[in-house]
Amino acid sequence: MDALLRRSRLTVSEAREFTLVGPARTRTIMRDLVEEVGCAELAPGSPMRVRLSGIRRGVPSHEMAIAACFAATLAPLFEGTKLETGMREGLRYVVDASPRPEKFDHLERKFFFVRGGGEPALPGNAKLLERLARAILEQRSVALTHRRFDADGPSSKATYQPLSIAIYDHQLYLLGRRESDQAIRLLRFSRITGVRVLRRTFDYPSELEFSPRQLFAQSFGVYLKEQSEPAEPVEIRLHRRWGGYARDHRWHPSQSVDVGDEYVTVRLTVRLCPELVGWVLSFGDEAEVISPASLRRDVAGRAQRLAALYRSPSKSK
């Protein structure tokens, strides 16, 4: 098969260099290869030969090479893992096969991803990530040990069907279906402390059963704890000076921005969650929740406790 991939086609005499058996037995091996491998076929005519079929073999376009450059900028997120090395090697493979590889010098500076804090569990837990990625591809269940959000609480152990690895805010998350109750759970990778890949496999769910795009469609960020709650229309009023910033930023696909003479109105349709509260508070006293009332009360309560905290003298010496 390796020789076939390198040469695209093999005659009986060429194949005998690798089979080390007679012509009749080599013909049988070639026929078996065609039956077992979906990308090979017997070519018409004589002498008998097998050729590749169904594989697109060609020179990558400039657009394909540039797309690979953008994809490879994520490599630093996987620092110290084989995935980081694989992304860089994959980029070099595509670029070297492109029409003008010399145009792709200095790629590490021409295309750059500012990763922020990155994934704190890497490279220390590189093996855990590699095991999870392989389990997802092979559709194998995993026994996981992970810390709860409360660092002082006990670790949790459960068996999951790993479905996706998601990247949000430069950090990694595992989306998995817990086998005990079939619930979809989101786990921070940095809190996963043990991964044991099991022998049993599972059928990957259909698009109707599991779609990350639909799962996060009405979420603000990756908060899924309240995913059973319906999305609500949210209206936030910002100080007028945030007009340009609001027009140039998209916090959620459902958002609309109305820049008025006195203030900026941002409207979203999302599930209410702690991440949404934190986002509103990030604007300080230049943001006001107009609706819904429950979100307004939540933000007001947080603001009051924050004000009380800063009214007290600092405890540091």
Discussion item. Using the Cα centre of the chain as the reference point, and only Cβ charges (+1 on K/R, -1 on D/E), how large is the resulting charge dipole? Debye, rounded to the nearest 20.
Written reply: 880 debye
Worksheet item: How large is the dipole of segment 123-232 about the Cα centre if only Lys and Arg carry +1 and Asp and Glu carry -1, each at its Cβ, rounded to the nearest 20 debye?
Response: 660 debye
Response to the item:
Contact order relative to length for segment 143-215, counting C-alpha pairs under 8 Å separated by 6 or more residues, stands in percent at 29 percent
Worksheet item: Under a straight-distance cross-link criterion of Cα-Cα below 16 Å, which aspartates and glutamates are reachable from Lys82, leaving out those fewer than 8 residues away in the same chain?
Response: Glu119, Glu130
Discussion item. Along its three principal axes, how long is the chain when you only count alpha carbons? Whole Å, largest extent first please.
Written reply: 91, 48, 46
Worksheet, complete the sentence: If R0 = 22 Å, then Leu281 and His170, at their Cβ-Cβ distance, give a FRET efficiency to the nearest 0.05 of 0.55
Item to complete: Could you work out how far apart the two model spin labels at Lys82 and Asp261 are, taking each label as a point 7 Å from the Cα in the direction of the beta carbon, and quote it in nm?
Response: 6.6 nm
Worksheet item: How large is the charge dipole for segment 62-110, taken about the Cα centre, if only the Cβ atoms of Lys, Arg (+1) and Asp, Glu (-1) carry charge, to the nearest 20 debye?
Response: 60 debye
Fill in: Using θ = phi - 60° and Karplus 6.51 cos²θ - 1.76 cosθ + 1.60, couplings along segment 162-169 (whole Hz; Gly, Pro as x)
x, 10, 8, 10, 10, 10, 9, 6
Worksheet item: Looking at segment 255-317, which GluC sites (Glu not before Pro) are DSSP coil and have at most 10 other C-beta atoms within 10 Å of their C-beta?
Response: Glu262
Worksheet item: Using alpha carbons only, how many degrees (0 to 90, rounded to 10) separate the axis of helix 126-138 from the longest principal axis of the chain?
Response: 60 degrees
Item to complete: List Arg177, Arg241 from most exposed to least, where exposure is judged by having the fewest other Cβ atoms within 10 Å.
Response: Arg241, Arg177
Worksheet, complete the sentence: Most exposed first, judged by fewest Cβ atoms within 10 angstrom, Leu268, Leu281, Leu129 run Leu281, Leu268, Leu129
Practice prompt. Run the numbers on the chain and let me know its relative contact order in percent, using alpha-carbon pairs under 8 Å that are six or more apart.
Written response: 10 percent
Fill in: For segment 62-110, the spread of Cα positions along each principal axis, largest first, Å
31, 18, 15
Discussion item. Is the C-alpha gyration tensor of segment 80-141 telling us rounded, prolate or oblate? Criteria: a/c under 1.5 is rounded; beyond that, a/b larger than b/c is prolate, otherwise oblate.
Written reply: oblate
Practice prompt. Provide Ile136, Ile192 in ascending order of the number of other Cβ atoms located within 10 Å of each residue's Cβ, fewest first.
Written response: Ile136, Ile192
Worksheet item: For segment 134-214, what is the per residue volume of the convex hull drawn over the alpha-carbon atoms, in cubic angstrom?
Response: 106 Å³
Fill in: Dipole of the chain [Lys/Arg +1, Asp/Glu -1 at C-beta], most positive-end residue of Ser312, Ala97, Leu144
Leu144
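Each value in this text was obtained by applying a stated rule to the coordinates, not by laboratory testing. For clarity, every value in this text was computed on a predicted model and none was experimentally measured. Cβ atoms come from the backbone with ideal geometry, glycine included; neighbour counts cover every protein chain shown.
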